[in-house]
Amino acid sequence: MCSWPVPREPLRRVAVTGGTHGNEMSGVYLAQHWLRAPGELQRPSFSAMPVLANPAATAACRRYVDRDLNRTFTSTFLTARAHPDDPYEVKRARELNQLLGPKASGRAFDFILDLHNTTANMGTCLISESTHNVFAMHLCRHLQMQSPELPCRVLLYQVPGEESYSLYSVAKNGMGLELGPQPQGVLRADLSTRMRALVAAALDFIQLFNQGTAFPAFEMEGYRAIRGMDFPRTEAGDLAGTVHPQLQAWEQPGRQPWHAPRAQLSTGPRL
């Protein structure tokens, strides 16, 4: 694993964003709660700012209004000349880039933690661009160790040579936190409680880092997307199959989430 980029200085400005997708309710609920009571996010060595990322989609309880906000933080959208007819999420991405960035600048926030839900029965998923972000990898390991008995997988989403497009790519460092299974537009108390605890643990890790705590090298599994696979379909394009009940595992007592095949083994240097 490459040791770049590792923060050389303490992290002073952190943002916790929810509602990037307006129907993923754990992050929506928590962002709204912290906007009313931000003190829970603060730590002695840094300030943390809650952000409701996509207010219009949140108000409509939809993933997005015009296009996926979490695929819009690229130079194509951020630096293009503004036009009145631009999609809502393009306008909002530029606003967030000014608030939390600008992207790839020394004035950007030090860290963004972006909160998501999934309908998939994955438990906890920690999303990072690649293993090159050593700080994020150590943070992932720290979060895994908080509840080692619970599934907590690391997903590496960036394709080599592709520009990062997620909201948290605006900051100098960042990571996505995704919990499931949760239906769209529904708030599950257990998942929102779990997400709240993980956010607190992530902020505690940043506090430890700022205090000069040494974190040892480690090994852990990471997963990459290999390819997409659609449902079986008829010649007309209609569904001809669904997920098998033994894999769906929705609310079956005593059943553990399905384990995907191992995609990558990662090793980390000391931090």
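The values are calculated or read from the model by the stated rules, or taken from the named source; none is laboratory data. Since the structure is predicted, the reported quantities are computational estimates derived from the model, not experimental observations. Here the Cβ is made from the backbone with ideal geometry for all residues, glycine too, and neighbour counts use every protein chain on show. Surface areas here come from the heavy atoms of the whole protein model, side chains and all, with no ligands, DNA or RNA. Shrake-Rupley method; radii C 1.70, N 1.55, O 1.52, S 1.80 Å.
Just one of 119, 20 is touching a residue at least 60 places away in the same chain (Cβ under 8 Å), in contact with an Asp or Glu (Cβ under 7 Å, 6 or more places away or on another chain), in a loop (DSSP other than H, G, I, E, B) and not basic (Lys, Arg); which is it? Reasoning before the result, please.
Numbers: 119 fails: in contact with an Asp or Glu (Cβ under 7 Å, 6 or more places away or on another chain).
Unique residue meeting the criteria: 20.
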Fill in: Qualifying positions in segment 193-224 - small (Gly, Ala, Ser) and in contact with a strand residue (DSSP E or B) (Cβ under 8 Å, 6 or more places away or on another chain)
202, 217, 222
Discussion item. Tell me the residue from 177, 247 that is surrounded by 14 or more Cβ atoms within 10 Å (Cβ to Cβ), among the hydrophobic types (A, V, I, L, M, F, W, C) and either farther than 29 Å from residue 104 by Cα or within 20 Å of the chain's Cα centre (by Cα) (or both), please.
Written reply: 177
Worksheet entry | Count - residues of segment 144-188 that are of a type in the set (Asp, Glu) and farther than 15 Å from residue 72 by Cβ | 2
Item to complete: Can you run down the residue pairs with Cβ atoms below 8 Å, 6 or more apart or on separate chains, where the first is in segment 138-157 and of a type in the set (Lys, Arg) and the partner is modelled with pLDDT of 95 or more and assigned to a strand (DSSP E or B)?
Response: 153/124; 153/125; 153/126
Worksheet, complete the sentence: Of the residues in segment 127-141, those that are surrounded by fewer than 23 Cβ atoms within 10 Å (Cβ to Cβ), among the hydrophobic types (A, V, I, L, M, F, W, C) and touching a helix residue (DSSP H, G or I) at 6+ places or on another chain (Cβ under 9 Å) come to 127
Discussion item. Could you check segment 9-42 and list, in sequence order, the residues that are open to solvent by 50 Å² or more (accessible area, probe 1.4 Å) and farther than 14 Å from residue 100 by Cβ?
Written reply: 9, 29, 32, 35, 36, 38, 39, 40, 42
Worksheet item: Out of all the residues in segment 181-196, is one or more over 30 Å from residue 62 (Cα atoms) and either in contact with a Gly (Cβ under 6 Å, 6 or more places away or on another chain) or not in a strand (DSSP E or B) (or both)?
Response: no
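Could you pull out the residue among 146, 207, 184 that is out of contact with any Asp or Glu (no Cβ under 9 Å at 6 or more places or on another chain), open to solvent by 40 Å² or more (accessible area, probe 1.4 Å) and among the polar types (S, T, N, Q)?
Working: 207 fails: open to solvent by 40 Å² or more (accessible area, probe 1.4 Å); 184 fails: out of contact with any Asp or Glu (no Cβ under 9 Å at 6 or more places or on another chain).
From the options 146, 207, 184, the qualifying one is 146.
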Response to the item:
The number of residues in segment 122-137 that are more than 11 Å from the chain's Cα centre (by Cα), closer than 18 Å to residue 219 by Cβ and touching a residue at least 40 places away in the same chain (Cβ under 8 Å) is 6
